[in-house]
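Worksheet for the structure shown next.
The values are calculated or read from the model by the stated rules, or taken from the named source; none is laboratory data. Please read these numbers as outputs of a predicted model, since none were measured by experiment. Neighbour counts are summed over all protein chains in view; Cβ atoms, including those assigned to glycine, are modelled from backbone coordinates with ideal geometry. For accessibility, only protein heavy atoms count, side chains too; no ligands or nucleic acids. Shrake-Rupley method; radii C 1.70, N 1.55, O 1.52, S 1.80 Å.
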Amino acid sequence: MKNLNPLLNKGKYVYCTVDDIDEIPFSKILFLFKETESITVVVKKEDAEALHLDFSYVASWITLEVHSSLSAVGLTAKFSQALSEAGISCNVVAAYFHDHIFVDEKDEVKAIEVLNALKG
């Protein structure tokens, strides 16, 4: 936990659902997930607006710079519990090297403070 080092990435990000990603330049997609109902894409807010994509949630993106193993136990539980206790909802994406947390844009400063406090 002492190496958590949360980094607030620049920009605002939105979750959008689409049936087909062919109209979205791959370079604009931060990540996507194919679900039964549709495809969820996360893109910068300004890209979603330019592409006329609907969204309702505007998030800030925090990267935990600690290299976290995909088989590690407890890291997600620790930081999500701390954020929950602070009244902050979080959406977590585990990538190969780092965990990425999306929080409501209004909570970005408080979320960074909570995550830094976990470092002890």
> How many lysine pairs are close in region 1-56, with Cα atoms under 19 Å apart and the two 8 or more places apart or on different chains?
Replying inline: 9
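Using a cut-off of 15 Å between beta-carbons, work out the net charge of the residues near Leu53 (Lys and Arg +1, Asp and Glu -1, Leu53 not included).
Details: positive: Lys12, Lys28, Lys44, Lys45; negative: Asp19, Asp20, Asp22, Glu23, Glu46, Asp47, Glu49, Asp54.
Summing Lys/Arg as +1 and Asp/Glu as -1 gives -4.
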> Roughly how tilted is helix 75-85, in degrees to the nearest 10 and between 0 and 90, from the longest Cα axis of the chain?
Replying inline: 90 degrees
> Taking the Cα centre of the chain as the origin, how large is its charge dipole in debye, to the nearest 20, when only Lys and Arg (+1) and Asp and Glu (-1) carry charge on their Cβ atoms?
Replying inline: 680 debye
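Return one whole number: the accessible area per residue of the chain in Å², for a 1.4 Å probe. Please report the intermediate quantities before stating the final value.
Working: 7390 Å² over 120 residues.
Here the residues of the chain average 62 Å² of exposed surface.
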> What percentage of the solvent-accessible surface of region 7-120, computed with a 1.4 Å probe over protein heavy atoms, is contributed by carbon and sulfur atoms?
Replying inline: 53 percent
>> Please compute the contact order of the chain in relative form: average sequence separation of alpha-carbon pairs under 8 Å and at least six residues apart, divided by the residue count, as a percent.
In response: 33 percent
> Between Ser89 and Val18, what is the label-to-label distance in nm when each label sits 7 Å out along the Cα-to-Cβ direction?
Replying inline: 2.4 nm
>> Can you tally the net charge around Lys28? Count Lys and Arg as +1, Asp and Glu as -1, for every other residue whose Cβ sits under 11 Å from the Cβ of Lys28.
In response: -2
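If you take every residue apart from Ile62 with its C-beta less than 13 Å away from the C-beta of Ile62, what net charge results, scoring Lys and Arg +1 and Asp and Glu -1?
On the way: positive: Lys10, Lys12, Lys110; negative: Glu65, Asp99, Asp104, Glu105, Asp107, Glu108, Glu113.
Around Ile62, the surrounding residues sum to -4.
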>> What do you get for the angle between helix 108-117 and the principal long axis of the chain? Use alpha-carbon atoms, 0 to 90 degrees, nearest ten.
In response: 30 degrees
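Want the number for Asn5 to His67: 0.36 nm per residue separation, take away the alpha-carbon distance, what's left? Present the calculation step by step, with values, prior to reporting the outcome.
On the way: separation 62, 0.36 × 62 = 22.32 nm, distance 1.02 nm.
Using 0.36 nm per residue and subtracting the Cα-Cα distance, I get 21.3 nm.
Dipole size in debye (nearest 20) for region 69-120 around its Cα centre, Lys and Arg Cβ +1, Asp and Glu Cβ -1? Can you show the working numbers first?
Working: 4 positive and 7 negative charges, 40 e Å.
Here region 69-120 has a charge dipole of around 200 debye.
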